[in-house]
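Report on the structure given below.
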Amino acid sequence: MKERAVTYSVVPRVDPRDISAEMTYYARAQARGEVTLGDMARRIQRRCTVTRADTLAVLVALEEEVCRGLCNGEIVRLGELGSLQVGVKSEGVRLEADFHESMINKIWVRFRPGMVLKGMLDGAAFERVSPRKEAGRAGKGMRYERK
C-alpha cells in the first residue's frame, strides 16, 4: 500500500443515454478510511508544541464558526485550503413577487479547493484497489433535500 496515493477502483457503468449499450469501465475514487477531528488533533500534536486537547478545542471551535458563517450567508475562506459557500435550488416563477421561500427545495455546501489542495491534486499518485461491495451509498457530495 502506497501511503500518499489516491485509491481508486474500476467499476462498470451503463450509459444512461443508451441503456442497451455495453457496460463501460471507469475509475471511481475509493476512500481507504476516515480521519476524525480527534485523529487530526493527535497528528497535529505530534508536529508542534500544542497539546491534543488545545488542538481539538480549536478544531471544534473552527467547526462551529464554519457553520455559523455559512448560516449567516457568508463565504467561509479557510486560507489556502479553500472556501465553503451555501448554494440553493428552487422552483422558477414568472414574476419576482410570486416567489416565496418555500419554493427553495435544495440546499448544499459548495467547496472550492484552494491552492494547497489544487497543488496536492496536481501531484497526486494513484493506487488501484479492489471495488468494495456497497451497502447503500450516502449519496453525492453534501446535498440536502428539503422535505
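The values are calculated or read from the model by the stated rules, or taken from the named source; none is laboratory data. Bear in mind the structure is a predicted one, so any value in this text is a computation, not a measurement. All Cβ positions, even for glycine, are placed from backbone atoms using ideal geometry, and neighbour counts span all protein chains on display.
Of everything in region 65-82, what is more than 24 Å from Gly119 (Cβ to Cβ) and either surrounded by 10 or more Cβ atoms within 10 Å (Cβ to Cβ) or in contact (Cβ under 8 Å) with a residue 60 or more places away in the chain (or both)? Give them in sequence order.
Glu65, Cys67, Arg68, Gly69, Leu70, Glu74
Being surrounded by 10 or more Cβ atoms within 10 Å (Cβ to Cβ), within 22 Å of Gly119 (Cβ to Cβ) and basic (Lys, Arg) is the filter here, so list the residues in region 4-34 that pass it.
Scanning region 4-34 gives a single hit, Arg32.
What do you reckon, is Val6 assigned to a strand (DSSP E or B) and on the phi < 0 side of the Ramachandran plot?
So Val6 passes the test.
Quick check on my filter: what residues within region 83-115 are surrounded by 13 or more Cβ atoms within 10 Å (Cβ to Cβ) and among the β-branched types (Val, Ile, Thr)?
Once the filter is applied, which keeps residues that are surrounded by 13 or more Cβ atoms within 10 Å (Cβ to Cβ) and among the β-branched types (Val, Ile, Thr), region 83-115 yields Val86, Ile104, Ile107, Val109.
What residue, among those in region 58-116 that are among the hydroxyl-bearing types (Ser, Thr, Tyr) and either in a strand (DSSP E or B) or in contact with a Gly (Cβ under 9 Å, 6 or more places away or on another chain) (or both), is farthest from Ala41 (Cα to Cα)?
Checked region 58-116; the qualifying residue farthest from Ala41 (Cα to Cα) is Ser90.
Hey, can you tell me all the residues within region 72-114 that are more than 19 Å from Leu59 (Cβ to Cβ) and of a type in the set (A, V, I, L, M, F, W, C)?
The answer is Ile75, Val86, Val88, Val93, Leu95, Ala97, Phe99, Met103, Ile104, Ile107, Trp108.
I'm trying to understand the selection: among the residues of region 96-121, which are aliphatic (A, V, I, L, M) and modelled with pLDDT of 95 or more?
The answer is Ala97, Met103, Ile104, Ile107, Val109.
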